[in-house]
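None of the figures in this text is laboratory data; all of them are computed from the coordinates on show. What you are looking at is a predicted structure, and each value in this text was computed from that prediction instead of being measured. Don't worry about glycine lacking a Cβ; one is built from the backbone with ideal geometry, like all the others, and counts go over all protein chains shown.
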Amino acid sequence: MLFRARTGTFLTFALAGLLTGVWVARMPALADKFGTNEGEIGIVVLVWGVGAIIAMQALRAVMARAGSRATLRLALPLTALSYAGVALAPTYTVLLGAVALFGMTFGITDIAMNAQGSVVERAYRRSIMSGMHAGWSVGAMCGGLFGVATAAAGLGFTATVLAAAALSLPAGLALGRTYLPDPVSPAASGTGRARRRMPAAVYLIGILGFIAFMTEGSIADWSGLLLHDELGATQAVAAFGYPMFELAMLLGRLVGDRVRMRLGTRRLLVGAGLGTALGMTVVVLAPAPQVAIAGFFFTGLVVCTVVPTTISLAGTADPERPGAAVAQVGAMGYGGLLLGPVVVGFLSDATSLRVGVGVVVVLALLISAGARFVPLRMNVDVASHSSEAAVAGAETEPLAA
């Protein structure tokens, strides 16, 4: 039962990543379909992100009551249907409405699958969230390759996205049978009154998630331009930077849970922040494209564990409403995903692209500094029942100065 649930949740992450990968890979085809410029495409991406954030915030209470399993069983098929709506939109105005709906359903799916991952993680009584997010990386890479293959075959945006939606709908319905029921919380069972405010720890974790998402979004959106405009790489070489970053994210997440259990949560986050700062310093100061790509790869290896760890911590920071806590952290994270590229863009216009991307170094150092204050309740509740209780005991002690 647990293995089935873990596999099903991993595949759910992969499916969500695949939809995103196809969407990103065929963005040029979307621009060709509607004859839009870069600014209008930017509005499309913004509408998608705002829709996701609105849905995440608005449905925190619903998640707390209905649970991740019921929410995910409904949201994942609806995401596939709304994705088809994006493919079939006949005009740019209709496209914006379809993208807003897709963003909302995707946002609900995102928080529900992370909450379900937290449920499975607590059932396993050890860290497995990085492995779940590795599913996202696998799906995103497969989606990108699917986009490349359909482009090579001459398929346009509509046919490509519609095909991905048609594959995703039955897969989403089938995965609904694999999820675990959410544990009954005191608030849900009626033994206590639900708090109106979540613990401050949730918002602290959300701030770390915000910074981590801001870092990843900045690299995703600006790596190619940095390589091409600042370092003189060809378009083919410049396009290689982000896939290398994603490949490193996948490799790092496959071992991230074991590293977390060995080092402890705080040490992992501190190391990830410092490593990200080092990797992006190499990128910013790189004399040649090859050095910068190596820096992106190293950055992906170390930054990849931050987002899964914040989601894992959120799932235990408010035991009465874990789903709502995950939704709050997820919404704050998406805010960083949207804001990061904008901040880099403004700084780049005012100074240079190297300086703009250099803001990621500062963000990474903030992750490292903030890691010292994260709550570690999961390690008391979970690891004390596992064979790695000694690791948990080390984590509950403050780090040496």
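Overview of values
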item	result
Gyration tensor (Cα) of the range 1-52, equivalent ellipsoid semi-axes in angstrom	32, 12, 5
nm² value of the averaged projected area, convex hull over the Cα atoms of the range 268-381	7.5
Candidates 261, 56, 129: whichever shows maximal mean-square fluctuation once the chain is modelled as a Gaussian network with Cα springs under 10 Å	261
Karplus (6.51, -1.76, 1.60) ³J(HN,Hα), θ = phi - 60°, over the range 258-270, in Hz, Gly and Pro reported as x	5, 5, 5, 5, 7, 8, x, 5, 5, 5, 4, 5, 4
Helix-derived mean residue ellipticity, 222 nm - over the chain, DSSP H n ≥ 4, -39500 (n - 2.57), to 500	-27000 deg cm²/dmol
The chain: most fluctuating residue of 233, 87, 317 per GNM, C-alpha cutoff 10 Å	233
Volume per residue that the Cα convex hull of the range 1-181 spans, once the total is divided by residue count, Å³	102
Over the range 23-130: Kirkwood hydrodynamic radius from C-alpha pairwise inverse distances, Å	15.0
Alpha-carbon centroid distance for the pair the range 39-83 / the range 252-275, whole angstrom	29
Hydrodynamic radius by Kirkwood, which averages 1/r over all alpha carbon pairs of the chain, in angstrom	21.2
Student exercise, the chain dipole from Lys, Arg, Asp, Glu Cβ charges, in Debye to nearest 20	1400
Estimated dipole of the range 198-376 in Debye, rounded to 20 [Cβ of Lys and Arg +1, of Asp and Glu -1, Cα centre]	660
